[in-house]
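One structure below.
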Amino acid sequence: PGGDVPATPGKEVQLSLDMDLQLRGLELFGEESGAAVLMDCRSGDILAMVSAPSFDANRFVRGLSAAEYKALAEYDHKPLFNKALTATYPPGSTFKTLVAVAALEAGFSADMTINCPGHWNFGGRRWRCDAVHGATNMHDAIATSCDTYFYTISLKLGPDRIADTARRFGLGQAFDIGIPGQKKGLIPDTAYKRRAFPRDPVWHPGETPSFGIGQGYTLVTALQQCVAAARMANGRKALVPRLIRSVGGVARPDASAAPDLDFDPAHLALVREAMGSVTTRGTAARTGQIGLGDVRMSGKTGTAQGYNYNGGRGVHGTAGPWHLRDHAWFTGFAPHDTPRYAIAVLVEHGGFGAQAAAPRARDLMRLALLKDPELRSRIERPPAPPVAVADSRGPVEGGPA
């Protein structure tokens, strides 16, 4: 009744996103379905948060035709679904890094070896491993992603210790970044089993090995995976992600306001070192090298079952129908020695993490490193001049053996 209400300018909102990284992330996915999140693991700033495939939001302003909306809504790659925040997936073998921390915190020795003959017998069934790893310690189990090692160690730990560690890394929770619709996913434990399955409330020992390799009931988002990688990389703070950097010129809280990450720093350092071996001699040795001199990326690959393989439903790799294939993950950080940026990449039904997710993580991380002036100067630093070494014949050009 009072007529039109005049518009009032709102406060300026500054986001943390880097447009170059955001566009490069979309470019890397092409027509593939998935998500990528890249964070500054010092401040918690989200520099890229990609959900692919994308769509032109301006088309909604003018109004979509029924046919246009139907095409978007019914496309099996789900462009209208935010896969970074709303979609949840099993984390697969990326979860093994957190199980390793849980084991170290519980007093297990990293030097303890477990024999992997390519399988593990338990509960009247044979659990497979992707390779014969032989006598394997924790470092090598992470580098080569040995299922047998983590089947065994998770059974010794039990679900509650694993779940507590995973939650302390940020899994199973939503974050206040100003965007609604986040899913918390699921980090199961014995209390969850009692709530969700009143007819069978007991957590059975046979449910733990799947949990230990990031399968079973476990579900996470790409944002949570990046937060976990950032906390692992930072090693001191329980970082929370920040998408809105300031409102009206007033900065939002950054990492300085985050609580301490209450883990033994030596345990985190050991796992980070093993993650460095993933990209040098482990599962991502061929696809995780960023080619920037002594600046290298560390991480963990993951191949997560979307379906159980029994009855021919699930497809391991990319040999079958797209919607039945495994999901591909890579989580990590760089540089390995002085972490600045953390990343999580999911390729929905992409097959193997090393083949589908690691190369995309590598290329997006490479751009982030090259855009950092301090790191770029390190990358472009000229090689040291040759050292003159004298021998009985006089000075010659050379260097240390």
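The values are calculated or read from the model by the stated rules, or taken from the named source; none is laboratory data. These numbers were taken from a predicted model, which means no experiment stands behind them. Neighbour counts run over all protein chains shown; Cβ positions are idealised from the backbone, glycine included.
Looking at 200, 164, just one residue is touching a residue at least 60 places away in the same chain (Cβ under 8 Å), of a type in the set (D, E, K, R) and surrounded by fewer than 24 Cβ atoms within 10 Å (Cβ to Cβ), and that residue is 164.
Which of the residues spanning segment 262-297 are more than 25 Å from residue 239 (Cβ to Cβ) and crowded, with 22+ Cβ neighbours inside 10 Å?
282, 283
Scanning segment 331-363 for residues that are in contact (Cβ under 8 Å) with a residue 60 or more places away in the chain, crowded, with 23+ Cβ neighbours inside 10 Å and within 23 Å of residue 242 (Cβ to Cβ) turns up 331, 332, 333, 341, 342, 343, 344, 345, 346, 361. Here segment 184-229 is the region considered, the condition is being of a type in the set (D, E, K, R) and touching an Asp or Glu at 6+ places or on another chain (Cβ under 9 Å), and the residue that is farthest from residue 156 (Cα to Cα) is 193. Of the residues 251, 269, 274, the single one that is among the aliphatic types (A, V, I, L, M) and modelled with pLDDT under 95 is 251. With respect to the stated conditions, residue 54 fails to be closer than 24 Å to residue 253 by Cα, surrounded by fewer than 22 Cβ atoms within 10 Å (Cβ to Cβ) and either of a type in the set (D, E, K, R) or in contact with a helix residue (DSSP H, G or I) (Cβ under 8 Å, 6 or more places away or on another chain) (or both).
Could you go through segment 306-317 and let me know if any residue there is in contact with a Ser or Thr (Cβ under 6 Å, 6 or more places away or on another chain), part of a loop (DSSP other than H, G, I, E, B) and either crowded, with 24+ Cβ neighbours inside 10 Å or at positive phi (or both). Within segment 306-317, not a single residue is in contact with a Ser or Thr (Cβ under 6 Å, 6 or more places away or on another chain), part of a loop (DSSP other than H, G, I, E, B) and either crowded, with 24+ Cβ neighbours inside 10 Å or at positive phi (or both). Looking across segment 20-67, the residues that are part of a helix (DSSP H, G or I) and modelled with pLDDT of 95 or more come down to 20, 21, 22, 23, 24, 25, 26, 27, 28, 29. Scanning for something over 18 Å from the mean Cα position of the chain (by Cα), farther than 23 Å from residue 213 by Cα and part of a loop (DSSP other than H, G, I, E, B), does segment 280-293 turn up at least one residue? Yes; the residues of segment 280-293 include at least one that is over 18 Å from the mean Cα position of the chain (by Cα), farther than 23 Å from residue 213 by Cα and part of a loop (DSSP other than H, G, I, E, B).
Conditions (1) among the basic types (Lys, Arg); (2) in contact with a Cys (Cβ under 9 Å, 6 or more places away or on another chain), marked per residue:
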site	(1), (2)
103	no, no
106	no, no
112	no, no
118	no, yes
128	yes, no
137	no, no
142	no, no
159	no, no
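To keep it simple, each residue is scored yes or no on (1) in contact with a Gly (Cβ under 6 Å, 6 or more places away or on another chain); (2) at pLDDT below 95; (3) over 14 Å from residue 289 (Cβ atoms).
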| residue | (1), (2), (3) |
| --- | --- |
| 336 | yes, no, no |
| 339 | no, no, yes |
| 349 | no, yes, yes |
| 357 | no, no, yes |
| 361 | no, no, no |
| 371 | no, no, yes |
| 374 | no, yes, yes |
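Of the residues 150, 211, only one is closer than 25 Å to residue 107 by Cβ, aromatic (Phe, Trp, Tyr) and without any contact (Cβ under 8 Å) to a residue 60 or more places away in the chain; which?
Going through 150, 211 in turn, just one is closer than 25 Å to residue 107 by Cβ, aromatic (Phe, Trp, Tyr) and without any contact (Cβ under 8 Å) to a residue 60 or more places away in the chain: 211.
Taking only segment 18-40 into account, find how many residues are charged (D, E, K, R) and closer than 17 Å to residue 226 by Cβ. Lay out the reasoning, then the answer.
First pass over segment 18-40, keeping only residues charged (D, E, K, R): 18, 20, 24, 27, 31-32, 40.
Of the ones still in play, those that are also closer than 17 Å to residue 226 by Cβ are 18, 24, 40.
Number satisfying all stated conditions: 3.
In segment 177-192, the residues that are surrounded by 16 or more Cβ atoms within 10 Å (Cβ to Cβ) and among the polar types (S, T, N, Q) form Cβ pairs under 6 Å with partners that are at pLDDT 95 or above and part of a loop (DSSP other than H, G, I, E, B), at six or more places apart or across chains, as follows: 182/85; 182/174.
Of all residue pairs spaced 6 or more apart or on separate chains, those with beta-carbon atoms under 7 Å, a first member in segment 94-117 that is hydroxyl-bearing (Ser, Thr, Tyr) and a second member that is part of a helix (DSSP H, G or I) are 94/225; 97/142; 97/232; 97/271; 97/275. Filtering segment 199-215 to residues that are assigned to a loop (DSSP other than H, G, I, E, B) and either at pLDDT below 95 or closer than 11 Å to residue 96 by Cα (or both) leaves 213, 214, 215. Among the conditions (1) in contact with a Cys (Cβ under 9 Å, 6 or more places away or on another chain); (2) within 21 Å of residue 82 (Cα to Cα), residue 360 misses just one, which is (1).
Look through segment 217-239, keep the residues that are part of a loop (DSSP other than H, G, I, E, B), touching a Pro at 6+ places or on another chain (Cβ under 7 Å) and not polar (S, T, N, Q), and return whichever of them is surrounded by the most Cβ atoms within 10 Å (Cβ to Cβ).
For segment 217-239, the residue satisfying everything is 238.
The set of residues from segment 154-175 being among the small types (Gly, Ala, Ser), under 17 Å from residue 260 (Cα atoms) and either in a helix (DSSP H, G or I) or in contact with a His (Cβ under 6 Å, 6 or more places away or on another chain) (or both) comprises just one member, 166.
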